[in-house]
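Presented below is the structure to which this report refers.
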Amino acid sequence: MGTITPEETEIIYDAIHNHSNKASVDAPMDEVLKDADVIGHSLNDPTKSVRDYERARYDKLCAEFGMI
């Protein structure tokens, strides 16, 4: 469609590719997607506990947003 540049396409691709690796710190867009993924998991079903591999990121987000 030509609505985004090749550089923007690469940023989006990288964010999608890296979003499952919650323990690493990557590019800013990657981090936004990882954070949204973690928050989404907790909001989709609040009866389920936060996954162990997402716990550190979830706790940091809760503190940042004053949810603790």
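The residue of segment 46-68 that is modelled with the lowest pLDDT, among those that are aliphatic (A, V, I, L, M) and surrounded by 10 or more Cβ atoms within 10 Å (Cβ to Cβ), is Met67. A single member of Leu33, Leu43 is under 14 Å from the mean Cα position of the chain (by Cα) and exposed (fewer than 10 other Cβ atoms within 10 Å of the Cβ), and it is Leu43. The set of residues from segment 10-68 being among the aromatic types (Phe, Trp, Tyr) and not in a helix (DSSP H, G or I) comprises just one member, Phe65. Considering only residues in segment 24-45 that are among the hydrophobic types (A, V, I, L, M, F, W, C) and at pLDDT 90 or above, the one that is farthest from Glu7 (Cα to Cα) turns out to be Val38.
The values are calculated or read from the model by the stated rules, or taken from the named source; none is laboratory data. These numbers come from a predicted model, not from an experiment. Cβ: placed from backbone, ideal geometry, glycine included. Neighbour counts: every protein chain shown.
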